[in-house]
Every structure is written in C-alpha cells, then in structure tokens.
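Notes to accompany the following structure.
The values are calculated or read from the model by the stated rules, or taken from the named source; none is laboratory data. Owing to the predicted nature of the structure, the values given are computational and were not obtained by experimental measurement. FYI the Cβ positions are ideal-geometry reconstructions off the backbone, even for glycines, and counts take in every protein chain you see.
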C-alpha cells in the first residue's frame, strides 16, 4: 500500500524573514506506522507537519505521499490522503454547526449528499460525538472541539492521520478517551507532541527534532531511555518512566 507511505527528502524551510525553521530533514514512514515527533518549543515540529499536506511549500527538498510528489498539481490528491488535525481546533471548526463542519470536506470532494450524511454520522460516532451534531462549535468544550476536529478529518477517509499536539489542554479523562480512540485507528499516524507518555503508549517509533534537524530516529522506548539525548533536546523522560518521586526520595541519614 504505497499510498500510505510518507517520504521526506532533505527538506528545508526558511521563514520570510530568513529564519531557518527546518534544515535538511529526511525520513520515510511506512504503512501502518505510528510515529511521534518530539522536541522543544520552536524545534520545527509544527512547521514540518504543515509541509505534509501542502499548507507550506519547502524552500528546497521534497515531500512524497505514496505515489505523489507533493506539488501544486498533486495537492488535491495529497490532501485526500493526508488528514491534518491542527493544534487549535478553532483553526479547523468554522461552520455554523458541527454537522456542517464534518460535512464540509466530503461536500467539497463532490460526494452526493446522502453519502456525505453517512460519512458525517460514521465519523461523529467514531469519536463519540454524534449527540453534538446540531451544536455550534463555539458552544463546545475543549475536548468536544478536539473530537469534532478529528471527525472532520475522518469524514474524508484519509489513509494518513497527521496530528499536532492532540492532547493539549485536555483534562485527564478526556485525554484518556482520546488516547483510546487514537489507539483504535489502523491509519498511519504522525503525531507531534509534548505529551511523551502518550507518545510512549501510542507510537512504536519516535523522531526527535532539535533546531530544525533530526537528532534521533528509532524505537520510542530506546529514545526515551537515552537521558543524554533527552537533555540535549530539552526533553525529559515520560513520567511513567521516571518512577515514583516519593519512593525515590533519598532518606535523611
């Protein structure tokens, strides 16, 4: 299933003021992989994700999604394959009702109305948000907005899910619900996150980005056990790998 493969080759991107955001990134993500992108604020994670669906065009280098090199001519085909969930759901939800937001993508693909209605119901059921169908997005909680934003992507039937900080600003229960949902997806998943415990749970592979460069790419458990690498990348071990702070507290002599 080559249409699920993501290939990035020597990708570089400079902001309009000349600031270098991405400097020579190269990697391949294969069908069915769940890959975490981790790094400090400003490392280049979000900028990289915006290249995967053509929201940004590289200064040099290339992106290939399956059989398609990402170009202006292939942009529509790529966006049908890559579903992007932005960090802020308010960037994704702009229609009068939840139903309208989830239907927006399929309608723009030219699908018949009855098929769009089926896709809306299925996508909202998948994220346990069908009861929100007639609600205006601005009346939703943060967790509800996140679920609906994911539904807008699922309604497009993408082969690849790309997510930017999917657990940001969620309460513990909603976070756990979202992790269960993401773990049930068989899509290829690329997740940029500061939530290293989520990355450890969902992603077999992790790519570390530091100052626009890849500094490590390998098994998540190996990378999160490398304290020197984490220190140099302004990261630390997931809480689940740190042990109990009470038990580890040194006893007074």
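When 99, 79 are checked against the criterion of being outside any loop (DSSP other than H, G, I, E, B) and within 26 Å of residue 50 (Cβ to Cβ), 79 stands alone in meeting it.
What do you reckon, is residue 169 free of Cβ contacts under 8 Å to residues at least 12 places away in the same chain and under 26 Å from residue 21 (Cβ atoms)? The answer is no for residue 169. Does residue 132 satisfy being without any contact (Cβ under 8 Å) to a residue 40 or more places away in the chain and over 27 Å from residue 7 (Cβ atoms)? So residue 132 fits the description; yes. Condition check for residue 167 on (1) part of a loop (DSSP other than H, G, I, E, B); (2) surrounded by 20 or more Cβ atoms within 10 Å (Cβ to Cβ); (3) modelled with pLDDT of 90 or more: one failure, at (3).
Exactly one residue out of 214, 190 is modelled with pLDDT of 90 or more, within 30 Å of residue 111 (Cβ to Cβ) and not in a helix (DSSP H, G or I), and it is 190.
Condition first: outside any loop (DSSP other than H, G, I, E, B) and surrounded by fewer than 15 Cβ atoms within 10 Å (Cβ to Cβ). Now tell me which residues in segment 64-73 satisfy that. The one that is outside any loop (DSSP other than H, G, I, E, B) and surrounded by fewer than 15 Cβ atoms within 10 Å (Cβ to Cβ): 69. Restricted to segment 28-61, and to residues there that are surrounded by fewer than 19 Cβ atoms within 10 Å (Cβ to Cβ) and on the phi > 0 side of the Ramachandran plot, the residue that is nearest to the chain's Cα centre (by Cα) is 32.
Does at least one position in segment 118-126 carry a residue that is out of contact with any strand residue (DSSP E or B) (no Cβ under 6 Å at 6 or more places or on another chain), surrounded by 15 or more Cβ atoms within 10 Å (Cβ to Cβ) and modelled with pLDDT under 90? Within segment 118-126 (the criterion being out of contact with any strand residue (DSSP E or B) (no Cβ under 6 Å at 6 or more places or on another chain), surrounded by 15 or more Cβ atoms within 10 Å (Cβ to Cβ) and modelled with pLDDT under 90), the answer is yes, since at least one residue qualifies.
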